[in-house]
């Protein structure tokens, strides 16, 4: 045929670098290059990762909405001012919800109306329970009202109501002056001072009063008084009061009053 090169069959030869043919027409495969191996492994890894992520997402979605993990039991601990039965009642709306949908935020929202609650810690107890640990605000003062009494925090917030006998059994200082209670600034100064006292010293206080925010006065269980002043420099005042009380314990004629309103210049009378 015109234009045909000698030995040419008229068919284009294969250009694939990874295979060829031998003299018998059989296909020969060449070893895969390192670059092609890396690309293949990368594709396999990518496909495997995507598949695993999809399966995990499906599993999470199933568990998140599954009635098999419906909440059935709520265990409450740490309550004192707030009755445990009351806390459990407030948390009842959570019963029946899938366990993965119940967390700290949901519990806090249901307990938000209870002033005594400071913090909550929620721990899942699969497959159908949670444990709720409640931390309450510390009461530092009692305001009696007839046969009832209100317990207050250091910030002046009412925490709980109790019978007068129950409130007194807690050994908290009493704020009974009508003027002290009705004046928000003065009452706040009193509760701040009481809240700044270490538990052992506060336990020796039977009452607290003030005519202004700078004249907080505390009465000890032995009828001696402490002129505290305002709520500032609490740490220094506590240290000075401890030293004065220790020194007066060995004195022949103990003082009736400790004035720590200016901690750098304490006075005993």
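No lab work stands behind these numbers, since they all come straight from the coordinates. The shown structure was predicted, so the numbers you read here are calculated from the model rather than taken from an experiment. We place every Cβ from the backbone using ideal geometry, glycine too, and count neighbours over all the protein chains shown.
Computed from the mean reciprocal separation of all distinct C-alpha pairs, what Kirkwood hydrodynamic radius does the range 69-136 have, in Å?
11.7 Å
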Inset, instruction - Using a Förster distance of 35 angstrom, determine the FRET efficiency expected from the C-beta separation of residue 255 and residue 119, and round it to 0.05. - result: 0.25
Legend entry - Cα point-scatterer Debye curve for the range 141-268, base-10 log of I(q)/I(0) at q = 0.20 Å⁻¹: -1.11
Inset, instruction - Compare the peptides 227-239, 93-105 by average per-residue count of other Cβ atoms within 10 angstrom and give them in order, highest first. - result: 227-239, 93-105
